[in-house]
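Notes follow once the structure below has been shown.
Just so it is clear, none of the values below were taken in a lab; they were calculated from the coordinates. Just so it is clear, the structure is predicted and the values come from calculations on it, not from any experiment. Positions of Cβ are backbone-derived with ideal geometry, glycine not excepted, and every protein chain shown enters the neighbour counts.
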């Protein structure tokens, strides 16, 4: 028996059976089959349907890359017998991983998740924190199956199960031993009003299909039926109307959104507010968000975001700063306090500030304390200079006196001459922006209101820093991430694209740019975007490396969509792109190797899923040989080359291909001898 098999015993598995054999990997043919479990779109829909039908809710939790989760998603949820068993429940699926770049197309049509079928990725992502707070007991594990009764109580909670049969038996037992019996569905045809009002995902899909295929009269009738439901009007139907070209239906949808009581309305309203709207309509939708904030806490944040994006600020005059930068203003007049600060911020002194030794840090701290005191004394003596406030702000910031730093930075920024190009000016702008960002994050975390002006002031500060000569790519990333977390996607996109014009070789900005392109143009738009960039005369020296990263990223996204042949071709383009960059710039070769290993392992996984075991073996052995140290690196689907190799080994043993099985086993043994940590399970699987 292989050593790797023996190492996995004692985990509830039958003797001689590995986890890879119990939870065998889905093939390309498996993934091509439709998911047969009809998931409900929201928790509210599931609860309503459960109450109407008297069926219990079955909560299913899944995780990309986790071996048993992959098996359930790619095989079990696609089997008729499992669908028949689960049909006795009202089913919801929770998973934090995105498989489609977007949930809706430009016309408001739903884009189903390729992994789970009837729900969008946004719906199964949103379901995870919803059920986590209710039923997951602060333990995020997958796969997991929980039965929830009509009163909200749990009947069973299955996780860490290492065999399929025990799960199936428990799910079946939950129904056969249940005292409450489901009610028979209503007989006869239902009216349009009843269909539109139904919380069942099947009925919602039927109404949406009728909308898509119907003429204007049909759509008017559907919208009239939606209006009779009032606050319960289906949000996905309203999205279709709101993004349609019929202004009458669009206005009716917007009117219904201002009355909606559905949690999903928050996302649609946020999307609409990022587009062009009449002032009265914008105000009404923001008021609707404010009303919904009682049941959806994120809505409160979005209200402040949209008001902040519209608000101005008296602290920073952007037009004056733009003119000042053009004039190359620099009025950083020195002072005794400024000289002391300049001594304190020398690189060797800053290195001491981060030293582990308290004695070493003490020397640097004393210098900042001296500069802080000098700045405060200048202000007491009547100094009106922004620089005195700046010395206090910067010194206090390094001394971790956040309140004093923020207060002094605001005073310095208010007095800054527009266009001031000195480092001190940049530093106080950064402290000011960070102070506003921290205040907003603290308020959001505590679910407390915050002034919209905070966001407009932070936006203005970041806009100035984006042009400042002392700025770095880090400010762009902080700005972008801050806006994305707030839900302000449109201004975040503008900030990122402006940042890339200045910092074309920033890995962090390229990572965010790939996600932005896939959200705006789809997976197939990423590589062409880089190809067009490469064709420019001013293309950066290392852009081919980032283009290869874009191909690797595209391959992983295509794999999520089960477009395996396209994914394999993208993996090959990635490998060749890294090779080309290595020829043009040899200093990039070593940095490329871990990514080349991921591409090789990706090809091995695709070959495995396609049933091509010889190619799968060849690719994974080549990956280990190329750079053994990268064998445990996880890709975007939480799968490492070692994980792929174990699945290949299980398939080879099943096929009784002893020669190739020994090659893979020997390669894994060599890796273990090279560094035993490479064969450890990923952290998310170690609890088993």
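7 Å from Cα along Cα→Cβ at both residue 674 and residue 191: what's the point-to-point distance in nm?
Each label point lies 7 Å from its Cα, and together they span 7.1 nm.
Take each of the peptides 240-248, 151-159, 256-264, average the number of other beta-carbon atoms within 10 Å over its residues, and list them starting from the highest. Could you put the intermediate results ahead of the total?
Numbers: 240-248: 16.3, 151-159: 13.2, 256-264: 19.8.
Going from most to least packed, we get 256-264, 240-248, 151-159.
Just the Kirkwood number for region 202-292, please: inverse of mean 1/r across all distinct Cα pairs, in Å, one decimal. Could you put the intermediate results ahead of the total?
Numbers: mean 1/r = 0.0760 Å⁻¹.
About 13.2 Å for region 202-292.
Take the alpha-carbon centre of region 410-489, take the same for region 263-317, and report the distance between them in whole Å.
20
Rounded to the nearest 5, what is the percent of antiparallel bridges among the DSSP beta bridges in the chain? Provide the component values of the computation, followed by the final result.
On the way: 11 of 17 bridges.
Of the beta bridges lying entirely in the chain, close to 65 percent run antiparallel.
Describe numerically, in nm with one decimal, the distance between label points set 7 Å from Cα along Cα→Cβ at residue 580 and at residue 485.
3.7
Arranged from highest to lowest average of other beta-carbon atoms within 10 Å per residue, in what order do the peptides 216-225, 74-83 appear? Write down the numbers at each step before the final one.
Working: 216-225: 16.2, 74-83: 17.7.
The most tightly packed comes first, giving 74-83, 216-225.
Using a Förster distance of 25 Å, how high is the FRET efficiency between residue 206 and residue 51, based on the Cβ-Cβ distance and rounded to 0.05? Walk me through the intermediate numbers first.
Numbers: r = 21 Å, r/R0 = 0.84.
The value I calculate is 0.75.
Place a label point 7 angstrom from the Cα of residue 474 along the Cα-to-Cβ direction, then list the residues of region 506-544 whose backbone nitrogen is under 11 Å away.
none
Determine the shape class of region 318-446: with a ≥ b ≥ c the square roots of the Cα gyration tensor eigenvalues, call it rounded for a/c under 1.5, and otherwise prolate if a/b is greater than b/c, oblate otherwise. The partial results should precede the final answer.
Numbers: a/c = 1.74, a/b = 1.25, b/c = 1.39.
Because a/c hits 1.5 or more and a/b fails to exceed b/c, region 318-446 counts as oblate.
What's the extension gain from residue 380 to residue 327 if we count 0.36 nm per residue and subtract their Cα-Cα distance? Could you put the intermediate results ahead of the total?
Values: separation 53, 0.36 × 53 = 19.08 nm, distance 3.27 nm.
Between residue 380 and residue 327, full extension yields an extra 15.8 nm.
For P(r) over Cα pairs in 20 Å bins from 0, in percent, which listed value, (i) 17, 47, 28, 8, 0; (ii) 15, 40, 36, 9, 0; (iii) 18, 55, 25, 1, comes from the coordinates shown?
Identified label for the calculated read-out: (ii).
What order, most packed first, do the peptides 584-597, 84-97 have when packing is the mean number of other Cβ atoms within 10 Å of each residue? Kindly include the intermediate steps, with their values, before the conclusion.
On the way: 584-597: 15.9, 84-97: 21.3.
Highest to lowest by the protection proxy: 84-97, 584-597.
Efficiency by 1/(1 + (r/R0)^6): what FRET value for residue 176 and residue 466, r their Cβ-Cβ distance, R0 = 56 Å, to the nearest 0.05?
With a Förster radius of 56 Å, E is 0.30.
If you take the Cα atoms of region 541-685, find Rg, then find the Kirkwood Rh from the mean of 1/r over all pairs, what is Rg/Rh?
Numbers: Rg = 14.9 Å, Rh = 15.3 Å.
That ratio equals 0.97.
Can you tell me the orientation of helix 473-486 relative to the chain, as the angle in degrees between its alpha-carbon axis and the longest Cα principal axis, to the nearest 10?
On a 0 to 90 degree scale, this one is about 50.
For the Cα atoms of the chain, what angle does the longest principal axis make with the long axis of helix 589-609, in degrees from 0 to 90, nearest 10?
Result, in degrees: 20.
Principal axis extents for region 17-176, Cα atoms only, whole Å, descending order, please.
48, 40, 31
Report, to the nearest 10°, how far helix 247-257 tilts away from the longest principal axis of the Cα atoms in the chain, using its own Cα long axis and a range of 0 to 90°.
90
For residue 356 and residue 138 in one chain, what is 0.36 nm times their gap in residues minus the Cα-Cα distance, to one decimal in nm? Don't skip to the answer; put the middle values down first.
On the way: separation 218, 0.36 × 218 = 78.48 nm, distance 3.40 nm.
Taking 0.36 nm per residue and subtracting the Cα distance, the gain is 75.1 nm.
Which value in Å does the Kirkwood hydrodynamic radius of region 222-347 take, with 1/r averaged over all unlike C-alpha pairs and then inverted? Walk me through the intermediate numbers first.
Working: mean 1/r = 0.0559 Å⁻¹.
This gives a value of 17.9 Å.
Summarise the long-distance tail of P(r) for region 143-218 by giving the % of C-alpha pairs beyond 20 Å. Present the calculation step by step, with values, prior to reporting the outcome.
Values: 1618 of 2850 pairs.
So the portion of pairs separated by more than 20 Å is 57 percent.
So how much slack lies between residue 447 and residue 507, counting 0.36 nm per residue of separation and subtracting their Cα-Cα distance, in nm?
Details: separation 60, 0.36 × 60 = 21.60 nm, distance 3.36 nm.
Computed gain between residue 447 and residue 507 is 18.2 nm.
Obtain the nm distance between the two label points defined at residue 348 and residue 539 by a simple spin-label model: each point lies 7 Å from its Cα along the Cα-to-C-beta direction.
Simple spin-label model gives 4.5 nm for this pair.
If we count other beta carbons within 10 Å of each Cβ, what is the order of 228, 617, fewest first? Before the final figure, lay out each step's value.
Details: 228 12, 617 25.
Ranking 228, 617 by Cβ neighbours within 10 Å, fewest first, gives 228, 617.
Express in whole angstrom the spacing between the alpha-carbon centres of region 36-100 and region 606-682.
Between the Cα centre of region 36-100 and that of region 606-682, the gap is 31 Å.
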